[in-house]
Amino acid sequence: MMRVRPSWLVAAGVLALLGAVLGLSEFTVTLLNYIGLAALVSLGLVLLTGVGGLTSCGQAAFVGLGAYATAWLTTATLPAWLAWTGGSPWAGLLLGLLITGVFAWILGGISLRLSGHYLPLGTIAWGLSLYFLFGTFDFLGGHTGLSGLPPITLFGTQLVGGRDLFWLIWIVLGVAMLLISNLLDSREGRAIRALKGGMVMAESMGVDTA
């Protein structure tokens, strides 16, 4: 039986994406964009739950936190200490990632003290609480969200249509997959794999499970 090399699968996937964006309708390309965004979100869930064995039901909370932070920093009248961003979506994205990382570190430090079925229940609680929290803030647009977001500009070109955003989304997804693949082949990646066998066993081998 012929064994398919991973590089061949990657090449076939790239060719399929190229054919899709060139030959399919705008509606289908937009669906592919949503698939790419969902896959990007799912990568973190796969790393945490599929590889690390820790069940999380609050992944959408961090997605929403990053999205709202980025959108607000891009559209709002910012205080003087944030005026340097100039309403740039890229600067808003970097700050949004930073804010999300800080909240994830704080919430993760609290949630990971739980074990068994209490951990997924705790992550569900975080997800629901952040959802309703976003909806109560008027400066975040309430439950209708924010509007008037400026388009992302890359090398002087505004990425407005679905076909323009297609390349950005899938390139970022490809880079994220490469980074996670390299992570899992590293010492930290082997430690993450060890978590699935239980915290006690991993800690007995010198792994800092936290």
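Here are the numbers:
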| read-out | value |
| --- | --- |
| Selection from T157, L133, V200, by position along the positive dipole direction of segment 82-210 (Cβ) | V200 |
| Cα pair distances of segment 85-210 binned at 5 Å [whole percent] | 2, 8, 10, 14, 17, 16, 13, 10, 7, 3, 1 |
| Residues of the chain: accessible area per residue with a 1.4 Å probe, Å² | 66 |
| Globularity ratio of the chain, using Cα Rg and 2.2 N^0.38 Å | 1.18 |
| Low-density loop positions, chymotrypsin sites (Phe, Trp or Tyr not before Pro), segment 123-157 - DSSP coil, at most 13 other Cβ in 10 Å | F137, F155 |
| Test item: Cα-centred dipole of the chain, Lys/Arg +1 and Asp/Glu -1 on Cβ, debye | 520 |
| Fraction of accessible area attributable to carbon and sulfur, the chain (%, probe 1.4 Å) | 72 |
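The values are calculated or read from the model by the stated rules, or taken from the named source; none is laboratory data. Just so it is clear, the structure is predicted and the values come from calculations on it, not from any experiment. A quick note on method: Cβ atoms are made from the backbone with ideal geometry, for glycine too, and the neighbour counts reach across all protein chains shown. For the accessible areas, the whole protein counts, side chains as well, though only heavy atoms, and no ligand, DNA or RNA atoms are used. Shrake-Rupley method; radii C 1.70, N 1.55, O 1.52, S 1.80 Å.
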